[in-house]
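Input: a single structure, listed below in structure tokens.
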Amino acid sequence: MSYSKLPRGYIAKSTVIVVSLGTVAFTAMQFGSGSERFHKEIFMPAMHRYFDGEKTHRLAVAAAKYGLLPLWGRNYYEYPELNTRVWDIDFRNPIGLAAGFDKDAEAVNGLRRSGFGFIEIGSVTPLPQPGNPRPRVFRLYEDQAVINRYGFNSAGVGTVRSRLKSAFRPSDPVPVGVNLGKNKESTDARLDYEICVGQLGPFCDYLVVNVSSPNTPGLRELQKRGDLEKLLATVKSAIDRLEMDEERRPKLLLKVAPDLNAAERKDIATTCMNKKYRVDGLIVSNTTLGRPAELRSEHAGEAGGLSGAPLKETSTECVRDFYRLTKGGMPIIGCGGVASGKDAYEKIRAGASLVQLYTSLVYGGFLFIVWRHCGAGCGSLTSPIMREYSCFSATDSCRFSASTRLSSFRVG
């Protein structure tokens, strides 16, 4: 057949198809192989350009759900010096995924393979609720930050329970926590948390009472001493009623805001250290309502909780304060502004036992944490943040590593 007899537009269409398929194949190969340059300079900028914050979030959850993080991360480099133990639970490393990414336990199995030492799903509410109107997520590019006002959008405890029941394995090396919230229209917050504990407690390693999100009206009021004492008593009673062996009962953690004043922090620390409520740990901290003067992004004035780099110093100081107030007697998970191994190590030095991150994934993508090829023909995979954290913990003159701090913690 001569070219003159080809259908009109045949060559052009064929060229488009070939180029498109080639582009898809190239993208898949670069993404799967862990090309840092491709990820930083092409993939993530393209995602930010063509998808808003919430759509990108949904795509990332789907990728984790279907095992695309990483595409071929079968052999990876472990850092045995980062293995640690808290609450008689083993963690292969102290860096975990904070709540907010996988709100409805859609991607638990995929996230286990992403390189995190532990993962936290939620926040989960008793009844399904849509959360606040869109748009409700804003990237602050110049500030490496995010403002969100999701408002506890949740599939509800029934759906999450079903997914966790299928995915949870007590012997899995990646512990799973569940972050609990209350419904926006609820008139009985204590009942909401009690329901969530009863339904989700058997299928996780720890439960988090979240009373610090700024996006649910009245939620932060539950941090006040009187209300907090009643809430913790209700939650602990619900945990005690779970029909399971004592050693398998989930640990109880409280997540606090970074915007607390000195008196409020002292009240919370005193309450949590009271053996009557048997709180096992703190997560410090949630997003902030504050807006540092140095913010440059056009979205800096949006309502909601600010997370990311601008929160780093505030949250680290908050960790340091709670460590002092609890006299080092309670494990703390440091959260807020962690974007490097150095950031994670600063949280540990301030008093944290474990560290969480989330916002840094918005800009660095999962290549930031997943195991990737280390190059030089070594044939193993490594993680940028784990490698850097390992260097800090190994070379610090004080030898103040996560494992040395945690050796004395056996809370539960």
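A short reminder: the numbers here are calculations on the coordinates, not readings from a lab. What you are looking at is a predicted structure, and each value in this text was computed from that prediction instead of being measured. Heads up, the Cβs are rebuilt from the backbone with ideal geometry, glycines too, and the neighbour counts pull from every protein chain shown.
Bin by bin, in steps of 10 Å, what percent of the Cα pairs in region 283-351 do you find, going until the bin that has the longest distance?
All Cα pairs considered, the percentages come to 21, 47, 25, 6, 0.
For region 248-325, compute Rg over Rh where Rg is the Cα radius of gyration and Rh is the Kirkwood radius from the inverse mean 1/r over Cα pairs.
Reported Rg/Rh, Kirkwood definition of Rh: 1.06.
Around VAL124, which amide H atoms from residues at least 5 apart in sequence, or from another chain, sit under 5 Å from its own amide H, with H modelled in the peptide plane?
For VAL124, the qualifying residues are ASN179, LEU180, GLY181.
Taking the Cα centre of region 35-406 as origin, sum charge times position over the Cβ atoms of Lys and Arg (+1) and Asp and Glu (-1), and report the length of that vector in debye to the nearest 20.
Rounded to the nearest 20 debye, it is 200 debye.
Could you state the number of Å between the C-alpha centres of region 109-141 and region 163-180?
Cα centroid of region 163-180 versus Cα centroid of region 109-141: 15 Å apart.
With a bin width of 10 angstrom, please list the P(r) values of region 35-406 as percents of all Cα-Cα pairs, from the 0 bin to the one holding the largest distance.
P(r) over region 35-406, rounded to whole percents: 5, 25, 37, 26, 7, 0, 0.
If you restrict to DSSP beta bridges whose two residues both lie in region 35-406, what percentage is antiparallel, to the nearest 5? List each step's numbers first, then the result.
Values: 15 of 44 bridges.
Looking only at bridges with both residues in region 35-406, the antiparallel portion is about 35 percent.
Taking the dipole about the Cα centre of region 35-406, with the C-beta of Lys and Arg at +1 and of Asp and Glu at -1, give me whichever of SER154, ALA238, PRO310 is farthest to the positive side.
ALA238
Taking every eigenvalue of the Cα gyration tensor of region 213-258, multiplying by 5 and rooting it, what semi-axes result, largest first, whole Å?
25, 12, 9
Need the list of aspartates and glutamates near LYS266 for cross-linking: C-alpha distance under 16 angstrom, and skip anything on the same chain fewer than eight residues off.
By straight Cα distance, LYS266 reaches GLU221, ASP227, GLU229, GLU317, ASP321.
Tell me, what is the Rg over Rh of region 152-230, with Rh the Kirkwood radius over Cα pairs?
My calculation puts Rg/Rh at 0.99.
Starting from 0 in steps of 5 Å, tell me what percent of the Cα-Cα pairs of region 202-343 lands in each bin.
Calculated over all Cα pairs of region 202-343, the distribution is 2, 9, 19, 21, 19, 14, 9, 5, 2, 1, 0 percent.
Step through the table entries LYS230/LYS312; LYS103/LYS255; LYS65/LYS251; LYS255/LYS342; LYS255/LYS276; LYS182/LYS347, compare each Cα-Cα distance with 20 Å, and write down the pairs that go over it.
Going by Cα-Cα distance, LYS230/LYS312; LYS65/LYS251; LYS255/LYS342; LYS182/LYS347 fall outside the 20 Å limit.
In vacuum, with every alpha carbon of region 108-248 counted as one equal point scatterer, what does the Debye formula give for log10 I(q)/I(0) at q = 0.11, 0.18, 0.20, 0.21 Å⁻¹? Two decimals, please.
So the normalised log intensities are -0.45, -1.11, -1.27, -1.33.
Of the listed peptides 233-244, 297-308, what is their order by residue-averaged count of other C-beta atoms within 10 Å, with the highest listed first?
Descending mean neighbour count gives 297-308, 233-244.
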